[in-house]
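> Have a look at this one.
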Amino acid sequence: MSSKKTYYHRINAQNIDFRKKISLVSLVNLVLGAAGNNADENGFGVLDLMSKNHSWVLSRLVIDMNHIPVENEDIAIETWLQKLSQAFSLRNFRLLNTHNQVIGYGASTWAIINLDTRRPISLDAIEKLKRNIYDEMTPIGEPQRLPDVDGEVLNTFRVKYSDIDVNNHANSLHYVRWISDCFSIDFYANHTIRRFEINYMKELTYGDEGEVYVEMKNPGDYYFQIVTREKGIACRARLLFDKNT
């Protein structure tokens, strides 16, 4: 067990898109996988919590990259739990290449909910969490609240069986996919993601239908809002792109 742990990955064909670069969904999946593995190893993973009828839910995430890994590239993801409040924990990430050079940072906030009431429980009294605090901030700080979006609809979706996870709601990765699919192949051929931010606001469950609104606030800087008729705003996000030269 270790409060701060590094996990190693080789980027393979399952992780990449048509450019042979890691896709945003795969990048988020590896980052969240590191969080899950570290929680499991320290005794407060999903299976441990579910034995008490509790589970982790992701509230906010930011990933800031200065290099996007490509096929067959080896990367390391370092993660640690930085601090607790009554309702949320802050977990950080550092991404490195094989030369131990930083290629990106991440930060995330999480809550633990009661699976019956769907309400958060108090975190600052959980001893296993308190014992695993490693108080180190990253240069990108904490995930921030994202603004409202006044844009156009560029994608629609319906939550289906394959979207539902162990918490009986749409898995966080599917929100990332719905957002990623707002852009064309040609757009991705000419742009590279530099930063991704997301705020999860409401659970989406089987049968929910929604629209993804997109607003470009500055060149290459796009803000998103996922809205359903029954539940209103379920999510806000941001993608910042660099134009390829």
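The values are calculated or read from the model by the stated rules, or taken from the named source; none is laboratory data. In this text the structure is predicted, and so the values were computed from the model without any measurement. Neighbour counts are summed over all protein chains in view; Cβ atoms, including those assigned to glycine, are modelled from backbone coordinates with ideal geometry.
> Exactly one condition in (1) in contact with a strand residue (DSSP E or B) (Cβ under 9 Å, 6 or more places away or on another chain); (2) over 24 Å from ALA170 (Cβ atoms) is false for SER59; which is it?
The single condition SER59 does not satisfy is (2).
> Please enumerate the residues belonging to the stretch 21-54 that are in a loop (DSSP other than H, G, I, E, B) and over 15 Å from the mean Cα position of the chain (by Cα).
The answer is ASN42, GLY43, PHE44, GLY45, SER51, LYS52, ASN53.
> Which one of these does PHE18 not meet: (1) exposed (fewer than 14 other Cβ atoms within 10 Å of the Cβ); (2) part of a helix (DSSP H, G or I); (3) among the hydrophobic types (A, V, I, L, M, F, W, C)?
(2)
> Go through the stretch 196-220 and give me each residue that's out of contact with any Cys (no Cβ under 8 Å at 6 or more places or on another chain), aromatic (Phe, Trp, Tyr), under 18 Å from THR156 (Cα atoms) and surrounded by 19 or more Cβ atoms within 10 Å (Cβ to Cβ).
Result: TYR213, single match.
> Also, I was wondering about something else. Can we say THR138 is in the same structural domain as ASP17 (by TED's automatic domain parsing), among the β-branched types (Val, Ile, Thr) and closer than 23 Å to LEU30 by Cα?
yes
> Listed residues VAL57, VAL62; which is among the aliphatic types (A, V, I, L, M), surrounded by 21 or more Cβ atoms within 10 Å (Cβ to Cβ) and in a strand (DSSP E or B)?
VAL62
> Here are ILE185, ILE179, ILE193: which of them is at negative phi, among the β-branched types (Val, Ile, Thr) and surrounded by fewer than 16 Cβ atoms within 10 Å (Cβ to Cβ)?
Exactly one of ILE185, ILE179, ILE193 is at negative phi, among the β-branched types (Val, Ile, Thr) and surrounded by fewer than 16 Cβ atoms within 10 Å (Cβ to Cβ), namely ILE185.
> For the stretch 39-64, which residues satisfy the criterion of being among the aliphatic types (A, V, I, L, M), in contact with a helix residue (DSSP H, G or I) (Cβ under 8 Å, 6 or more places away or on another chain) and in contact (Cβ under 8 Å) with a residue 60 or more places away in the chain?
VAL46, LEU58, LEU61, ILE63
> Taking the criterion of being within 15 Å of ARG60 (Cα to Cα) and touching a residue at least 40 places away in the same chain (Cβ under 8 Å), would at least one residue in the stretch 122-136 satisfy it?
no
> May I ask you to list the residues in the stretch 147-168 that are over 14 Å from VAL212 (Cβ atoms) and either assigned by TED's automatic domain parsing to the domain that holds LEU81 or at pLDDT 95 or above (or both)?
Listed by number, the residues that qualify are PRO147, ASP148, LYS160, TYR161, SER162, ASP163, ILE164.
> Being exposed (fewer than 11 other Cβ atoms within 10 Å of the Cβ), touching a strand residue (DSSP E or B) at 6+ places or on another chain (Cβ under 6 Å) and assigned to a loop (DSSP other than H, G, I, E, B), is that true of even one residue in the stretch 97-108?
Yes, some residue in the stretch 97-108 is exposed (fewer than 11 other Cβ atoms within 10 Å of the Cβ), touching a strand residue (DSSP E or B) at 6+ places or on another chain (Cβ under 6 Å) and assigned to a loop (DSSP other than H, G, I, E, B).
> Quick one: in the stretch 31-48, which of the residues that are crowded, with 19+ Cβ neighbours inside 10 Å and touching a Leu at 6+ places or on another chain (Cβ under 9 Å) is nearest to ARG195 (Cα to Cα)?
The qualifying residue nearest to ARG195 (Cα to Cα) is VAL31.
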